[in-house]
Amino acid sequence: MILEWVSYIVFYLLAAVFSAFLAYCLYVHHVHQKYDHIPGPPRDSFLLGHVPTFARAMKSDNLIHDLFLLVTAQYWLSNHV
């Protein structure tokens, strides 16, 4: 009897976690669509955005500000001249 209740609780907790993850993915998709008209570099990851790019830049001992300057020169300045 107790094992049956535990299995129901685990099932509903997993269903709640899956529903929350699905809602978060839909929210991220909405935000991506909302700001997609702003020029910028392509995202490396759907959920993490540009975090992998920043992590690679920091791991290679480059200054992250040089990456910001490069991205700004490539995507922002070329569209606002």
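Quick note: the coordinates plus some simple rules give every number you see, no bench work behind them. Only a predicted model underlies this, so the values are computations on that prediction, with no experimental measurement involved. Reconstructed Cβ throughout: ideal geometry from the backbone, glycine too, with neighbour counts over all protein chains shown.
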(request) Please order HIS29, HIS37 by the number of other Cβ within 10 Å, starting at the fewest. (result) HIS37, HIS29
(request) Apply the Debye scattering formula to the chain, with a single equal point scatterer on each alpha-carbon and no solvent, then give log10 I(q)/I(0) at q = 0.14, 0.25, 0.26 Å⁻¹. (result) -0.68, -1.16, -1.19
(message) Quick check: residue separation of TYR27 and LEU13 times 0.36 nm, minus the Cα distance between them. What number comes out in nm?
(response) 2.9 nm
(message) Suppose only helical runs count, i.e. DSSP H with n ≥ 4. What mean residue ellipticity at 222 nm does that imply for the chain under -39500 (n - 2.57) per run, divided by all residues and rounded to the nearest 500 deg cm²/dmol?
(response) -20500 deg cm²/dmol
(message) Only Cα pairs within less than 10 Å get springs; with that Gaussian network setup on the chain, which residue of PHE11, PHE21, PHE46 has the largest fluctuation?
(response) PHE11
(request) Multiply the residue gap between GLN74 and HIS50 by 0.36 nm, knock off their C-alpha separation, and tell me the result in nm, one decimal place. (result) 7.1 nm
